[in-house]
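Here's the structure we're looking at; comments come further down.
Every number in this text was worked out from the coordinates using simple rules, so none of it is lab data. Worth saying up front: this structure is predicted, and the values here are computed from it rather than measured. Methodologically, a virtual Cβ is constructed for each residue, glycine included, from the backbone with ideal geometry; neighbour enumeration extends over all protein chains shown.
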């Protein structure tokens, strides 16, 4: 099976809240696309806008890319040759996101994902279209990353105690085999204060186990111990 197939089928629901995941394709410094699985293994990508009401989509709905995943191989087709020629110019990556509330900013070329709202994120290493003999194939930009199913996988774990919300943001980086942790707290009053900026604790750790609904409390206990020791 291809590494991309393993990425696409790794999980279909968020390991923390069980919501269905949405697949996106990002062209670096260019367009963002959202996928619709037309049928099993067939992903139809079209332009994604954070607020469709602000845009005339008539010109964009015609521009699409279809990825057909057959397990041991995949094929890609474009609705227009012009879109394929554009795709050759960019490095791209695919990612899954739990909730689209996690998008911050309406500028598709300069947006962030707020994991505290997005809950869960998982991405591929960078990819690009490469010329092979008389055809172009989508492959990994760095050959050493071609066996990584996920480049990084990020989680937001939450806990509430005595009116205080605790947020633990974890990013597991498979390339560096490390986990970055961000921790902050927020009261109900601070939550509605638009000027509030939390103090954020940061720490880099060796790669930890994947959080899930089953082991969430154990992982939080470990992280709290590291925070106290720091």
For the residue 19, residue 131 Cβ pair and Förster radius 41 Å, calculated FRET efficiency rounded to 0.05 is 0.55
By how many degrees, 0 to 90 and rounded to 10, does the Cα axis of helix 216-229 deviate from the longest principal axis of the chain? 60
Please identify, among 111, 93, 44, the residue showing maximal mean-square fluctuation in a Gaussian network model of the chain using a 10 angstrom Cα cutoff. 111
For the residue 220, residue 90 Cβ pair and Förster radius 45 Å, calculated FRET efficiency rounded to 0.05 is 0.70
Volume in Å³ per residue [convex hull over Cα atoms, computed for the stretch 102-177]: 116
Neighbouring Cβ atoms within 10 Å as the yardstick, rank 176, 133, 22 fewest first. 133, 176, 22
Simple spin-label model, 7 Å along Cα-to-Cβ: residue 184 to residue 114 in nm? 1.0
Got the relative contact order for the chain handy, in percent, Cα pairs under 8 Å and 6 or more residues apart? 15
Can you check what the Kirkwood hydrodynamic radius comes to for the stretch 167-230, Cα pairs only, in Å to one decimal? 13.1
Given R₀ = 35 Å, FRET efficiency for residue 49-residue 207 by Cβ-Cβ distance, to 0.05? 0.50
Arranged by the count of other C-beta atoms within 10 angstrom, fewest first, what order do 49, 182 take? 49, 182
The chain, Gaussian network, Cα under 10 Å: of 123, 40, 135, the residue fluctuating most is 135
Looking at the chain, what % of the alpha carbon pairs are farther apart than 34 Å? 21
List 228, 181 from most exposed to least, where exposure is judged by having the fewest other Cβ atoms within 10 Å. 228, 181
